[in-house]
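Down below is the structure, laid out as structure tokens.
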Amino acid sequence: MSEMSFDQLCELFAYEPKRRPLDTKEAAALLGVHFNTLEQYRFRGEGPRFFAPSGARIVRYAERDVLAWLASGARQSTSEQAA
């Protein structure tokens with residue numbers, strides 16, 4: 001899937017942007033997975049890009065990164081590999 005703008009990604013997924021960083025539970029809800037699944041993605045180096053400020057015990061996700069990661073799984077058939 002070609003590079004889409006944030007507005008195009010929001011339209012594609014019928015997402016109303018919060019226009020702020022998302023915490024793990026919010027990002028997981030957007031992806032339709034349990035927050036533990038998203039934590040496991042981070043542990044394995046998978047999933048959308050995240051931010052963890054030095055010295056803080058918080059993790060945040062940019063809405064655009066979460067939507068772009070979701071869109072990166074677009075396929076035309078079940079036999080097609082992810083982009």
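The values are calculated or read from the model by the stated rules, or taken from the named source; none is laboratory data. This is a predicted model, so every value here is computed, not measured. Cβ atoms come from the backbone with ideal geometry, glycine included; neighbour counts cover every protein chain shown. Quick note on the areas: whole protein, heavy atoms, side chains included, nothing else; ligands and nucleic acids left out. Shrake-Rupley method; radii C 1.70, N 1.55, O 1.52, S 1.80 Å.
A few notes on this one:
- Per-residue ellipticity at 222 nm computed for the chain from its helices equals -11500 deg cm²/dmol, with DSSP H segments shorter than 4 residues left out and the rest contributing -39,500 (n - 2.57).
- Annotation for region 10-45: trypsin sites (Lys or Arg not before Pro) lying in DSSP loop with at most 10 further Cβ atoms inside 10 Å of their Cβ are Lys18, Arg19.
- Ser54 sits with roughly 120 Å² accessible to a 1.4 Å probe, with DNA, RNA and ligands left out of the calculation.
- As an equivalent ellipsoid, the chain spans semi-axes of 22, 16, 11 angstrom, where each value is the square root of five times an eigenvalue of the C-alpha gyration tensor, largest first.
- Of the chymotrypsin sites (Phe, Trp or Tyr not before Pro) found in the chain, those in coil by DSSP whose Cβ has at most 14 other Cβ atoms within 10 Å are Phe13.
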